[in-house]
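Worksheet for the structure shown next.
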Amino acid sequence: MRCYELQGPGGIDALALVDKPVPQPGKAEVLVRLTAASLNYRDLLTVKGGYGSRQKFPLVPLSDGAGVVEVVGDGVAAFAPGDRVIGSFFESWIGGEPSEQRMRAALGGSVDGTLTEYRIFPVHALVKTPAHLTDIEASTLPCAGVTAWSAVIKLGAIRPGQTVLTQGTGGVSIFALQIAKMAGARVIATSSSDAKIERLKALGADVVMNYKSTPDWGKRAREISGQGVDLVVEVGGVGTLNESIRATRIGGTIAFIGVLAGAPASELRLPLMVMQQQRLQGVTVGSVEDLQALANALTTHQVKPVVDRVFEFGEARAAFAHMARGAHFGKVVIAIA
Ligand SMILES: NC(=O)c1ccc[n+]([C@@H]2O[C@H](COP(=O)([O-])OP(=O)(O)OC[C@H]3O[C@@H](n4cnc5c(N)ncnc54)[C@H](OP(=O)(O)O)[C@@H]3O)[C@@H](O)[C@H]2O)c1
């Protein structure tokens, strides 16, 4: 089988296409022929070795993949050859609260990922692909989709009529917009691009703002929403946190997810956060149960992930470079078949 491998933290140019034998599944394992793998911002960090002390080398990159069951090992009853499946981001976090042990095996980080023609998954780490999704679409769920699900539904507990603020038009944020709309919420969405803002409106964003031409977007969001938004899906990190604190209502939540915006321009408004009894809620993807819940919700609402562009397997480096440019809207996917 062909797969991409990184021998060390050499960046995109160090991605090497190698040949390996197809592995055979053991007890309670499933061999999946992967047909699609999607990229996340995290993958731009892992190719440079920036994923922390647990990152392994050599590494097959990417956490997210979908495909078809090829062979099942002994004791596997839940899946049969030919079933379409999606793999979970964390192989050992089936459900319940996160723990060190459950979060140890993160695909494309501490264990090999999905940029490969075949991969063995433990049976408990797979969910069936919703019938209305192609494998390309389904491959976008495990990291960005589940993270947005955790932020908006599981931890954010958003209810109909509440207001959610999303930042930018990357994978997590577009999923968060779609999930918030499914939950009956009002969405204030931002982007640095007026062209992308038109696409946000088409996806159902109720209010849109250009965060470059409206640098006080948090203050504006607070005014527009009345008392402040119920939830901010914080993908910018400390660089956007001050505006997020301004945007959030008393008692509201900031789901802290990403690091896109770099360092803050001024001191953090943490006293304001204290006085407003806001909740800063860290989010780290989610479990297999969360992936299943997201798949169920997308099925019920017949919602499809937004795919920006699909690259061929031989164009993996170009896919990473496209992602790094930040011009995408939604998800970047590599077709493996
Ligand atoms: N904690 C977790 O479990 C978890 C899971 C997934 C991702 N993440 C993190 O979440 C972040 C987003 O990941 P992703 O895969 O969705 O990234 P992505 O697809 O690469 O997102 C890129 C987009 O983010 C927007 N952006 C960049 N800088 C921004 C800023 N200063 N303010 C607002 N928006 C900005 C831009 O949108 P416009 O072009 O529209 O301006 C850009 O196109 C990353 O930091 C990633 O590491 C964390």
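Only helical runs count toward this figure. For the chain, summing -39,500 (n - 2.57) over DSSP H runs of n ≥ 4 and dividing by all residues gives -7000 deg cm²/dmol at 222 nm. A straight Cα-to-Cα reach below 18 Å connects LYS48 with the lysines LYS56, residues fewer than 8 places away in its own chain not being considered.
For VAL307, the amide hydrogen comes within under 5 Å of the amide hydrogens of LYS331, counting only partners 5 or more places away or on other chains and with H modelled in the peptide plane.
Counting only alpha carbon atoms, the long axis of helix 171-182 and the longest principal axis of the chain meet at about 70°.
Remark: the Cα gyration tensor places the stretch 216-337 in the prolate category, a/c being 1.5 or greater and a/b exceeding b/c. Summary of the geometry: the stretch 47-70 and the stretch 1-18, compared by the centres of their Cα atoms, lie 11 Å apart. Looking at the chain, the DSSP beta bridges with both ends there are about 50 percent antiparallel.
What you get for the stretch 1-72, charging only the Cβ of Lys and Arg (+1) and of Asp and Glu (-1), is a dipole of about 180 debye around the Cα centre.
Entry note, the chain: relative contact order of 19 percent, from Cα contacts under 8 Å with a spacing of 6+ residues. Taking the fewest neighbouring Cβ atoms within 10 Å as the starting point, the ordered list for VAL60, VAL235, VAL310 is VAL310, VAL60, VAL235.
Among the GluC sites (Glu not before Pro) found in the stretch 228-315, those both in a DSSP coil and sparsely packed, with 15 or fewer other Cβ atoms within 10 Å of their Cβ, are GLU267.
Loop-resident trypsin sites (Lys or Arg not before Pro) (DSSP state other than H, G, I, E or B) in the stretch 1-40 with no more than 10 further Cβ atoms inside 10 Å of their Cβ: LYS27.
Axis angle, to the nearest 10 degrees, between helix 316-325 and the longest C-alpha principal axis of the chain: 10 degrees. In this rough spin-label picture, where each label sits 7 Å from Cα along the Cβ direction, the LYS304-MET1 distance is 2.7 nm. What is the angle, in °, between the Cα long axis of helix 238-247 and the longest principal axis of the Cα atoms in the chain? Nearest 10 is fine, range 0 to 90. The angle comes out at about 50 degrees. For the peptides 100-107, 143-150, residues were scored by their other Cβ atoms within 10 Å and the scores averaged per peptide; the highest-first order is 143-150, 100-107. For LYS201, the lysines whose Cα falls under 20 Å of its own Cα, not counting residues fewer than eight places away in the same chain, are LYS181, LYS212, LYS304, LYS331.
Values quoted throughout were computed directly from the atomic coordinates according to the rules given, and no laboratory measurement underlies them. These numbers come from a predicted model, not from an experiment. Neighbour counts run over all protein chains shown; Cβ positions are idealised from the backbone, glycine included.
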